[in-house]
Amino acid sequence: MISVGKKLWYTKPAGEYMCGLPIGTGRLAAMVLGGTPERLALNHEWLWRGINRSRESANSAHLLAEVRELLLAGKYAEGTRRGNDAFGGGGGTSGVPSQVDPYQPAGDLCFELVHGAPTAYRRELDLTSGLVTVSYTADGARFSRQYLAHLAHDLILVHLAADRPFSASFWLQRVADADCFLHSGTSPERLALDGQFDGGIGFRVEANLHAQGGSCRVAGERVVAEEVKSLLVAVDIGTSAQGRGPAGECADHALPHRDWQKLQRENNPVYQKFYGGLELAVETPQAREELPTDQRLKEAREGGVEDPGLPQLYFDYGRYLLVASTATASLPPNLQGKWNEDLNPPWQADYHHDINLQMNYWPAEPGNLHYATEALFQHIERFVPHARKVARELYGCKGVWFPIQTDAWGRSTPESFGWAVWTGAAAWLAQHMWWHYEYGQELEFLRRRAYPFLKEVAAFYESYLIEDQDGKLQAVPSQSPENRIVGGGDLPVTLCVSAAMDLQLVQELLEHAVQAAALLQVDGEKRAQWQEMLTRLPPLQIGRHGQLQEWNEDFAEVEPGHRHFSHLYGLFPGDLIDPDRTPELWRAARISLERRLAHEGGHTGWSRSWTACFFARLGEGEKAWEHLVHLILDFATDSLLDLHPPQIFQIDGNFGGTAAVLEMLLQSYSEELHLLPALPAAWAAGHCRGLRARGGYAVDLAWEQGALVRAEIRASSDRTCTILHGAGKYWVCDAGGESVACSEEGHRLRFGVRANEIYVVMVAEGDRVD
């Protein structure tokens, strides 16, 4: 039977915050715990304390030559220490507090209905609509509470109803915070909570109550509703983060009417614009949707029953989470998406630029969530002015330098001593600018936004790379993010010369800059300069174990099972390591991956999801499936939120797992389509509608018995379509069933396509599965 996998549901309230059901518009977010009484935990994307929003960096460029001299002489421990003293900033292991502002909770909307103990309880999140419903029976009556992050009106809505009149009380609260002044205001129609951080920003939480029937009155700081037929609560939050009063922001989002059914209808087309572009359905031997989600997890963890529909649910949920954290947003998801209840969240719930933020967006382009990328691009562009200033002050370079760890304020200061001396963050973020062009083929986006940023990052490397005695261009200092070598000193990361990841980032960045300039027919001299730089980059090396070498020398690692796979960036998410163009590096990357795992690598949620992506890229569907299943069973809460040990909510693993599924179904490196490259046996039959591929392709797939039976391909422009491993295997026709002329080159099948026309790829007669 086909598994639909579109609901998370439970027979009891959440026992803790991380097991709640998240909803969000992007600007606003809330965690539904479903208790009686209820605590709806609230967030606003711009609610960071704001104490350090004008911070500056040190002027340390004059110290660069000394650090380089030490590292080039092989004095890695001393060079690492001096490099961090010069360029590492505060935070980390410095003993000086970090200036990264922590992401903050706005407070809670709480309410309690007057009734006896609930029975027949159900709490669910419907991924097809974004609606959370809590229902139960009490005192012989059926009660229903529905929660909706309304994308059209950008509000959090709560609707309470019962099959008899009911009474309830409502209040706003926030956890005790000595550095936040609070003031409450209450009327029969509105609860308000105003807050001001000492030395930081202000905020306001509003809950507007609209009762049908009955009456509402004020009782202290609560509103008491008596004998109402139904009640609608519209929640909004405003901040002063962007230069206006919090109340003014709330005033921009007034609820236009109180018709609950109409409000749901108004939300649906906006929600479907984001979420509804892709549908995955797989055939499973038996349905498990009839079990509560926590029970499904429990049975799968105990090994009693296989549940191949669970990864599909995880995939659908990952797409939902990206919509809920980006739809109306001007900030991208942080380490916890947009959901946080703590004053001091782990790592400040910040932005990490050495994989975590990027991983959040891995499923966006191929997963038909390209509308969700705007907040990421705004984040990148917000940093550029200050990133130019810091590039000059910190390293004496042109272009831009981005920090490894930061917050919402666009300040490019190093804030994690021991980790912070790294120049690859901007290049990695530039990959997402290029991807958006590569998948969408929008020349105007390339011209206005992607190419200008590519040029800024290229300008940094033009002045940062130095020539060695052999004429090669070296990155010094360099690091393999968050990893260290034996003999590299006592800091958590060793600085070196041209770590493999930095070389891959520079190569990819320059290649994309060259391609973009050629497409736009601009900057001929720059294009020639970048191409010349590419010829002078040191080659990637293969170490004594046959592995892809991580550093400039074949060093022993302090932690061979390190959670980061930085040197495998060119395998995934990059595309520099390829089985046809670089077969030796392809094999070496595979060996590196196995060596990491043999030493218990992949021991965080995000790291395990990266592992699943690697094996999917390698075409090893069973290995990819194994790690995807472990990601879910070992690193997920009862509400499938990703965990970083020990039990820390961190959302990147959700998005990485979603990306792994997409890699199993379709790959499109170099704008060549690889259909079902890593399909696992557990998903032997199914279909997927709405996949996107590099080159501007839309792809629908259907498969049976582990093999493709039909693909429909539509291109956004006239071009030649290439299908990997399609020669002698597939035949192609147009939408009317007329054969399309194809050519073959090795395992590649090629045919011409016209813009917006459908082409059908089917198994050739001799290869058809009966």
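The values are calculated or read from the model by the stated rules, or taken from the named source; none is laboratory data. Computed from a predicted structure; not experimentally measured. No Cβ is skipped: glycine too gets one built from the backbone with ideal geometry, and neighbour counts run over all protein chains shown. Please note that ligands, DNA and RNA were not included when accessible areas were found on the heavy atoms of the full protein model with its side chains. Shrake-Rupley method; radii C 1.70, N 1.55, O 1.52, S 1.80 Å.
The set of residues in segment 201-215 that are surrounded by fewer than 21 Cβ atoms within 10 Å (Cβ to Cβ) and either more than 28 Å from Arg55 (Cα to Cα) or more than 31 Å from the chain's Cα centre (by Cα) (or both) comprises Asn208, His210, Gln212, Gly213, Gly214, Ser215.
A quick yes/no check of all residues on (1) among the charged types (D, E, K, R); (2) under 29 Å from the mean Cα position of the chain (by Cα):
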site	(1), (2)
Lys6	yes, yes
Ala41	no, yes
His44	no, yes
Arg49	yes, yes
Arg55	yes, yes
Asn59	no, no
His62	no, no
Leu70	no, no
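Select from segment 687-707 the residues that are open to solvent by 10 Å² or more (accessible area, probe 1.4 Å), more than 20 Å from Gln441 (Cα to Cα) and either over 26 Å from the mean Cα position of the chain (by Cα) or free of Cβ contacts under 8 Å to residues at least 24 places away in the same chain (or both) and list them in ascending order. Within segment 687-707, Ala702, Glu704, Gln705, Gly706, Ala707 qualify. Mind listing just one residue for me: the one in segment 617-655 that is among the charged types (D, E, K, R) and assigned to a loop (DSSP other than H, G, I, E, B) and, of those, farthest from the chain's Cα centre (by Cα)? Checking each candidate, the answer is Glu620. Considering Gly619, Gly653, Gly657, the condition of being modelled with pLDDT of 95 or more, crowded, with 24+ Cβ neighbours inside 10 Å and within 30 Å of Glu712 (Cα to Cα) is satisfied by Gly657 alone.
Only residues that are of a type in the set (Lys, Arg), under 18 Å from Pro677 (Cβ atoms) and in contact (Cβ under 8 Å) with a residue 24 or more places away in the chain were counted across segment 551-604, and they come to 2.
Cβ-Cβ contacts under 8 Å between residues 6 or more apart (or on different chains), taken from a first residue in segment 461-482 that is of a type in the set (Ser, Thr, Tyr) to a second residue that is open to solvent by 30 Å² or more (accessible area, probe 1.4 Å), are listed as Ser463/Gly396; Ser463/Lys398; Ser478/Asn552.
Just to be sure, is Ala450 open to solvent by less than 10 Å² (accessible area, probe 1.4 Å), under 30 Å from Leu691 (Cα atoms) and hydrophobic (A, V, I, L, M, F, W, C)? Against the criterion (open to solvent by less than 10 Å² (accessible area, probe 1.4 Å), under 30 Å from Leu691 (Cα atoms) and hydrophobic (A, V, I, L, M, F, W, C)), Ala450 qualifies. One residue alone among Ala364, Ala375 is small (Gly, Ala, Ser), within 22 Å of Gly695 (Cβ to Cβ) and either under 10 Å from the mean Cα position of the chain (by Cα) or not in a loop (DSSP other than H, G, I, E, B) (or both), and that residue is Ala364.
Quick check on segment 364-375. Is at least one of its residues open to solvent by less than 10 Å² (accessible area, probe 1.4 Å), in contact (Cβ under 8 Å) with a residue 12 or more places away in the chain and on the phi > 0 side of the Ramachandran plot? No: segment 364-375 contains no residue that is open to solvent by less than 10 Å² (accessible area, probe 1.4 Å), in contact (Cβ under 8 Å) with a residue 12 or more places away in the chain and on the phi > 0 side of the Ramachandran plot. Taking the criterion of being open to solvent by less than 20 Å² (accessible area, probe 1.4 Å), in a loop (DSSP other than H, G, I, E, B) and either acidic (Asp, Glu) or at pLDDT below 95 (or both), would at least one residue in segment 316-328 satisfy it? Checked segment 316-328: no residue is open to solvent by less than 20 Å² (accessible area, probe 1.4 Å), in a loop (DSSP other than H, G, I, E, B) and either acidic (Asp, Glu) or at pLDDT below 95 (or both). Name every residue in segment 532-547 that is under 32 Å from the mean Cα position of the chain (by Cα) and open to solvent by 50 Å² or more (accessible area, probe 1.4 Å), in order of residue number. Correct list: Pro539, Gln541, Ile542.
Using the structure shown, decide if Ala612 is aliphatic (A, V, I, L, M), open to solvent by less than 10 Å² (accessible area, probe 1.4 Å) and under 28 Å from Asp294 (Cα atoms). Taking the combined requirement at face value, the residue satisfies it. The set of residues in segment 443-485 being over 30 Å from Gly601 (Cα atoms) and small (Gly, Ala, Ser) consists of Ala450, Ala458, Ala459, Ser463, Gly471. Within segment 177-200, the residues that satisfy the criterion of being touching a strand residue (DSSP E or B) at 6+ places or on another chain (Cβ under 7 Å), open to solvent by less than 30 Å² (accessible area, probe 1.4 Å) and in contact (Cβ under 8 Å) with a residue 24 or more places away in the chain are Leu191, Leu193, Gly195, Phe197.
Within segment 520-537, residues that are under 22 Å from Tyr437 (Cβ atoms) sit with their Cβ atoms under 8 Å from residues that are among the acidic types (Asp, Glu) and part of a helix (DSSP H, G or I), at 6+ positions apart or across chains, in these pairs: Gln529/Glu462; Met533/Glu462; Leu534/Glu511.
Of the residues that make up segment 391-401, is at least one of a type outside the set (Ser, Thr, Tyr), crowded, with 24+ Cβ neighbours inside 10 Å and part of a loop (DSSP other than H, G, I, E, B)? Yes, there is a match, as at least one residue in segment 391-401 is of a type outside the set (Ser, Thr, Tyr), crowded, with 24+ Cβ neighbours inside 10 Å and part of a loop (DSSP other than H, G, I, E, B). Collect the residues in segment 218-243 that are assigned to a strand (DSSP E or B), touching a Pro at 6+ places or on another chain (Cβ under 7 Å) and either of a type outside the set (A, V, I, L, M) or buried (at least 24 other Cβ atoms within 10 Å of the Cβ) (or both), keeping them in residue-number order. Of everything in segment 218-243, those that are assigned to a strand (DSSP E or B), touching a Pro at 6+ places or on another chain (Cβ under 7 Å) and either of a type outside the set (A, V, I, L, M) or buried (at least 24 other Cβ atoms within 10 Å of the Cβ) (or both) turn out to be Val223, Glu227, Lys229, Gly238, Thr239.
Which of the residues that make up segment 90-115 are assigned to a strand (DSSP E or B) and open to solvent by less than 40 Å² (accessible area, probe 1.4 Å)? Within segment 90-115, Tyr103, Gly107, Asp108, Leu109, Cys110, Phe111, Leu113 qualify.
Residues that are of a type in the set (A, V, I, L, M, F, W, C), under 16 Å from the mean Cα position of the chain (by Cα) and in a helix (DSSP H, G or I) within segment 329-361 comprise Ala349, Leu357, Met359, listed in sequence order. Considering only residues in segment 244-273 that are among the charged types (D, E, K, R) and open to solvent by less than 60 Å² (accessible area, probe 1.4 Å), the one that is nearest to Arg164 (Cα to Cα) turns out to be Glu266.
Only one of the listed residues (His545, His512) is farther than 28 Å from Gln469 by Cβ, in a loop (DSSP other than H, G, I, E, B) and not acidic (Asp, Glu). That residue is His545. Selection within segment 564-609: residues that are of a type in the set (Gly, Ala, Ser), farther than 24 Å from Arg694 by Cα and touching a Pro at 6+ places or on another chain (Cβ under 9 Å). The member of this set that is surrounded by the most Cβ atoms within 10 Å (Cβ to Cβ) is Gly605. Of the residues screened, Met18 is not one that is touching a Pro at 6+ places or on another chain (Cβ under 6 Å) and either surrounded by 17 or more Cβ atoms within 10 Å (Cβ to Cβ) or outside any loop (DSSP other than H, G, I, E, B) (or both).
Is it the case that Trp731 is of a type in the set (Phe, Trp, Tyr), surrounded by 22 or more Cβ atoms within 10 Å (Cβ to Cβ) and more than 26 Å from the chain's Cα centre (by Cα)? Answer is no for this residue. Within segment 53-65, being of a type outside the set (Gly, Ala, Ser), in a loop (DSSP other than H, G, I, E, B) and either under 11 Å from Tyr395 (Cα atoms) or open to solvent by less than 40 Å² (accessible area, probe 1.4 Å) (or both) holds for Arg55, Asn59.
From the list Gly424, Gly418, Gly410, Gly440, the lone residue that is on the phi < 0 side of the Ramachandran plot and open to solvent by less than 10 Å² (accessible area, probe 1.4 Å) is Gly424.
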